[in-house]
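The values are calculated or read from the model by the stated rules, or taken from the named source; none is laboratory data. These figures come from a predicted structure and were not determined experimentally. Virtual Cβ from ideal backbone geometry, glycine too; neighbours counted across all protein chains shown.
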Amino acid sequence: MKKDEYLYLDHAASTPMREVAFEVYKYTESVAFANSAGGHALSRKAKNILEESRDSIANHFGAAPKEITFTSGGTEADNWIIKMPFINNKNKNAELVTSEIEHEAVLGSAEWVESLGYKVHLTPCDKDGVIKVDDVLKNVNKNTEIISIMLGNNETGVVQPIKEISQALKELDSEYIFHSDVVQAVANRKLDFHNIGIQSAAISGHKIGGPKGVGIMFLSSEVKLPSFLHGGKQELERRAGTVNVSGVASLSAALDEQQNSMIVQNQKILNERTEFEKKLWNSLDVMVVGDTVDRLDHISNIQFSGINSETLMVALDLQGLGVSRGSACASGAQKPSHVLQAMKVSNEKINSHLRFSFGWNTNVGDGIKAADIVLSVIKGMS
Ligand SMILES: Cc1ncc(COP(=O)(O)O)c(C=O)c1O
């Protein structure tokens, strides 16, 4: 098999970099490699590129530039926002409300908060993977510091009612941060953070055709949080360390292209996913997770009745189709998916799911091609 014949359907784990993101990275690294915190002309050049990128990124999300801080990725942004309200918190009864279906970056941070002795509420979801507004509200009280509910789930693509939750929260007489991990949703939706009603958000560069190791923390100017990394005075003294200007500029270029081409891109992705699911439905005993609810266009989580997903994934890889069993972290650890467990998928069925995820460089015909590979591999397995 030639390298370019391999069909990559694991964009929810990581996307290839867009050409424009590569070009901007190379350009910035060659003309503005200096430390953006320095005092000479080349540093000023780097600083200008950094601030232009911040302005442009903020603009895409209806945010003010000072509400955007650059991080090493989605994991860092989630960790920062969830852990910091509990550092030196004088209220020993402070609480965190999150959900059973969050990404490991949120759940791991929540475990850490719990290990300090604070109470953590894990909101359940229904059988379609949707969190109910009332189930979140039930756990919110005067001790709630932060509520963290993701917008689009990374394993199923199922979209959560974030705007409804934020509206309901406004009715309560409580002070809290409403955080949302929008890492997957950004790949597919235009988002105005203030309009949605969240005070913070986590974004990752490599899910939208930008580089790995760069992310964004949106933090509303109403909210003050302690610094996560201490040292230099970078990023409005919020995050010490030399800023990855080339990575930020590259992310910004990827985001521009992604946001400006979103309608056409989403249509293409949706067409391919529809063709793919239709062909599998017509030929096999499969179930598509979240097919009756609001779902991000790029994710298709399929249950293959009576088939072990690990065996199928390996066989598909050998035939040139790259997919995953769920979140990249979960598949590496070979643990059953906590998201499917939360959806009450039976133990017997939980190991028969695979995630296929489409992306910006998916081509017309890839949906059918992928379905054909799946059908021939399953035929060969019986
Ligand atoms: C929903 C979600 N949150 C957070 C992350 C972590 O982002 P990063 O890889 O940039 O640390 C991911 C990546 O898989 C994700 O899908």
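Could you tell me whether segment 165-178 includes any residue that is within 16 Å of the ligand (Cβ to nearest atom) and either without any contact (Cβ under 8 Å) to a residue 40 or more places away in the chain or touching a helix residue (DSSP H, G or I) at 6+ places or on another chain (Cβ under 9 Å) (or both)?
Within segment 165-178, none of the residues are within 16 Å of the ligand (Cβ to nearest atom) and either without any contact (Cβ under 8 Å) to a residue 40 or more places away in the chain or touching a helix residue (DSSP H, G or I) at 6+ places or on another chain (Cβ under 9 Å) (or both).
May I ask you to list the residues in segment 1-31 that are in contact with a helix residue (DSSP H, G or I) (Cβ under 6 Å, 6 or more places away or on another chain), among the polar types (S, T, N, Q) and assigned to a helix (DSSP H, G or I)?
Thr28
For segment 282-323, what are the residues that are of a type in the set (S, T, N, Q) and crowded, with 21+ Cβ neighbours inside 10 Å?
If the condition is that a residue be of a type in the set (S, T, N, Q) and crowded, with 21+ Cβ neighbours inside 10 Å, then Ser300, Asn301, Ser309 are the ones that fit.
Output yes when any residue across segment 97-108 is away from the ligand (no atom under 16 Å from the Cβ) and closer than 22 Å to Ser220 by Cβ, and no when none is.
Yes, because at least one residue in segment 97-108 is away from the ligand (no atom under 16 Å from the Cβ) and closer than 22 Å to Ser220 by Cβ.
Looking only at segment 167-211, which residues are at pLDDT below 95, assigned to a loop (DSSP other than H, G, I, E, B) and surrounded by fewer than 22 Cβ atoms within 10 Å (Cβ to Cβ)?
Glu171, Leu172, Asp173, Ser174, Glu175, Tyr176
Find all pairs meeting these conditions: Cβ atoms under 6 angstrom apart; at least six residues apart or on different chains; first residue within segment 183-211 and over 21 Å from Ala64 (Cβ atoms); second residue aromatic (Phe, Trp, Tyr) and more than 8 Å from the ligand (Cβ to nearest atom).
Once the first residue is over 21 Å from Ala64 (Cβ atoms) and sits in segment 183-211, its partners that are aromatic (Phe, Trp, Tyr) and more than 8 Å from the ligand (Cβ to nearest atom) give Gly209/Trp360.
Quick check on Ile101: is it over 16 Å from Tyr176 (Cα atoms), touching a residue at least 40 places away in the same chain (Cβ under 8 Å), touching a Cys at 6+ places or on another chain (Cβ under 9 Å) and surrounded by 22 or more Cβ atoms within 10 Å (Cβ to Cβ)?
Spelling it out, Ile101 is indeed over 16 Å from Tyr176 (Cα atoms), touching a residue at least 40 places away in the same chain (Cβ under 8 Å), touching a Cys at 6+ places or on another chain (Cβ under 9 Å) and surrounded by 22 or more Cβ atoms within 10 Å (Cβ to Cβ).
In segment 229-239, is there at least one residue being under 19 Å from Ala46 (Cα atoms), more than 13 Å from the ligand (Cβ to nearest atom) and of a type in the set (A, V, I, L, M)?
Yes, there is a match, as at least one residue in segment 229-239 is under 19 Å from Ala46 (Cα atoms), more than 13 Å from the ligand (Cβ to nearest atom) and of a type in the set (A, V, I, L, M).
Given the conditions (1) hydroxyl-bearing (Ser, Thr, Tyr); (2) under 18 Å from the mean Cα position of the chain (by Cα); (3) more than 16 Å from the ligand (Cβ to nearest atom), and given that Ser200 satisfies all but one, which numbered condition is not satisfied?
The number of the failed condition is (3).
Confirm whether Asp126 is farther than 20 Å from Gln258 by Cβ, touching a residue at least 40 places away in the same chain (Cβ under 8 Å) and surrounded by fewer than 19 Cβ atoms within 10 Å (Cβ to Cβ).
yes
So which of Ala46, Ala34 ends up being assigned to a loop (DSSP other than H, G, I, E, B), buried (at least 16 other Cβ atoms within 10 Å of the Cβ) and not acidic (Asp, Glu)?
Ala34
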